[in-house]
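Reading through the structure tokens given below for one structure.
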Amino acid sequence: MARLLMAALSETGREVELASEYRTWEGAGDVQRQQRLRDIGFRLGRRLIRRYVANGQPPDLWFTYHVYHKAPDWIGPAVSDALQIPYVVAEASYAPKQAQGPWQIGHEQCQFGIRRANAVISFNDQDLPCLRTVVGPSCRLVNLKPFLPLTRVDTAVNARSKIAEKWAIPSDVPWLVCVAMMRPGDKFASFKQLAESLKGLVDQQWQLLIVGEGKTRNQVEQLFAPMYPRVKMLGSLEPGAIYDILKSSDVYVWPAVNEAYGMSLLEAQACGLPVVATAAGGVAQIVEHKKTGFLAAENDLTSLTAFIRRLISDPKLRTRMGMEAVTKCRREHDAIHAINVLDDMIKRLMQ
């Protein structure tokens, strides 16, 4: 999403510069490391301010992506104040329950940054109630749906026979597919739930294609080992190849444990796939239950299995839902709409 935002901002006709590759995320609750990251951020901020003042070419606006208690912004507010420019944060979330937790430092800075912001862009409706309690009185709260440059999707092709030959998989059974990083935490939990769900479908004909790599690949392989050769691990692929696989498949399956909204779910629907997932986070904003796919309750693996079974056994339903998914993506999630929203926001901030 960060790359998509940079591309969309560029499409508004403005020059976009990556100011820093510094990342503040700290996931273990290590207070000392958080303090070190804070200090580094302050130093980088002072360095940027000196550079901008010295060259006489300060930015017109500062834009920070994904601000929350585990990843606060230690640079943007200071630079914006020093240069007296608008400060914008995208995909910000505020969790009051973290006020006294192990990320208290990050929580306080997150609150400070959101309150300082001139505009806050939210991709998830569930974030809005808490954001409204902390944004400043003059802040613009912009609700923007996750988006894709659908022109990229349009270049993908159904290459089912070639894919089947390359990976030695049958082409005459329904293809289930998922695209995800293999890492500890929620992603691995999703793979675990998917493996458990598919165990209830051993009486059906299907083939699962998994696209992705990561630290937990060995553990993911172990989860699906009892189902080989029905499961094929394709590893990391280029975006174009991924879109071809999506267009060649039948159903996108992903439990989406604690997903904010799920870009992979959006990409799948843009390629004409019905989705089976759980209604975690903002997933229901992406997948319309019973129209573009099926959403089970969180951790309801029985329903997840039943929904996959239903789509495996009903080609006409797959086709209808896939067409609805494409229509929804073009109506609500095209990058053109996002470009217009961002352009309007910047114009208002620069007045």
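The values are calculated or read from the model by the stated rules, or taken from the named source; none is laboratory data. Just so we're clear, the structure is a prediction, and the values are computed from it rather than from any experiment. We place every Cβ from the backbone using ideal geometry, glycine too, and count neighbours over all the protein chains shown.
Considered as a group, the residues in region 119-153 that are more than 22 Å from Ala284 (Cα to Cα) and among the hydroxyl-bearing types (Ser, Thr, Tyr) include one that is surrounded by the fewest Cβ atoms within 10 Å (Cβ to Cβ), and that residue is Ser138. Can you find a residue in region 263-283 that is surrounded by fewer than 22 Cβ atoms within 10 Å (Cβ to Cβ), at pLDDT below 95 and within 21 Å of Gly240 (Cβ to Cβ)? Yes; the residues of region 263-283 include at least one that is surrounded by fewer than 22 Cβ atoms within 10 Å (Cβ to Cβ), at pLDDT below 95 and within 21 Å of Gly240 (Cβ to Cβ). Return yes when Lys162 is of a type in the set (Lys, Arg) and either closer than 17 Å to Asp334 by Cβ or touching a Leu at 6+ places or on another chain (Cβ under 6 Å) (or both) and no when it is not. Considered against the rule, which asks whether it is of a type in the set (Lys, Arg) and either closer than 17 Å to Asp334 by Cβ or touching a Leu at 6+ places or on another chain (Cβ under 6 Å) (or both), Lys162 comes out as no. Just one residue in the set Glu213, Glu238 is in contact (Cβ under 8 Å) with a residue 24 or more places away in the chain and in the same structural domain as Ser161 (by TED's automatic domain parsing); that residue is Glu213. Within the span defined as region 227-248, one or more residues are more than 21 Å from the chain's Cα centre (by Cα) and of a type in the set (S, T, N, Q). Output yes when any residue across region 285-308 is surrounded by 15 or more Cβ atoms within 10 Å (Cβ to Cβ), of a type in the set (Lys, Arg) and either under 18 Å from the mean Cα position of the chain (by Cα) or assigned by TED's automatic domain parsing to the domain that holds Gln193 (or both), and no when none is. Within region 285-308 (the criterion being surrounded by 15 or more Cβ atoms within 10 Å (Cβ to Cβ), of a type in the set (Lys, Arg) and either under 18 Å from the mean Cα position of the chain (by Cα) or assigned by TED's automatic domain parsing to the domain that holds Gln193 (or both)), the answer is no, since none of the residues qualifies. Filtering Val134, Val157 for residues that are of a type in the set (Val, Ile, Thr), within 29 Å of Tyr65 (Cα to Cα) and assigned to a loop (DSSP other than H, G, I, E, B) leaves a single hit, Val134. The residue pairs whose first member lies in region 289-311 and is modelled with pLDDT under 95, whose second member is in a loop (DSSP other than H, G, I, E, B) and among the polar types (S, T, N, Q), and whose beta carbons are closer than 9 Å, counting only pairs six or more residues apart or on different chains, are Glu298/Asn258.
Taking first residues from region 89-116 that are more than 18 Å from Ala260 (Cα to Cα) and part of a loop (DSSP other than H, G, I, E, B) and partners that are at pLDDT 95 or above and among the β-branched types (Val, Ile, Thr), the Cβ contacts under 9 Å between residues at least 6 apart in sequence or on separate chains come to Pro102/Val31; Trp103/Val31. Within region 30-88, restricting attention to residues that are among the hydroxyl-bearing types (Ser, Thr, Tyr) and part of a helix (DSSP H, G or I), the residue that is surrounded by the most Cβ atoms within 10 Å (Cβ to Cβ) is Ser80.
Among the numbered conditions (1) β-branched (Val, Ile, Thr); (2) under 27 Å from Ala335 (Cα atoms); (3) not assigned by TED's automatic domain parsing to the domain that holds Glu267, the only one that Thr133 does not meet is (2).
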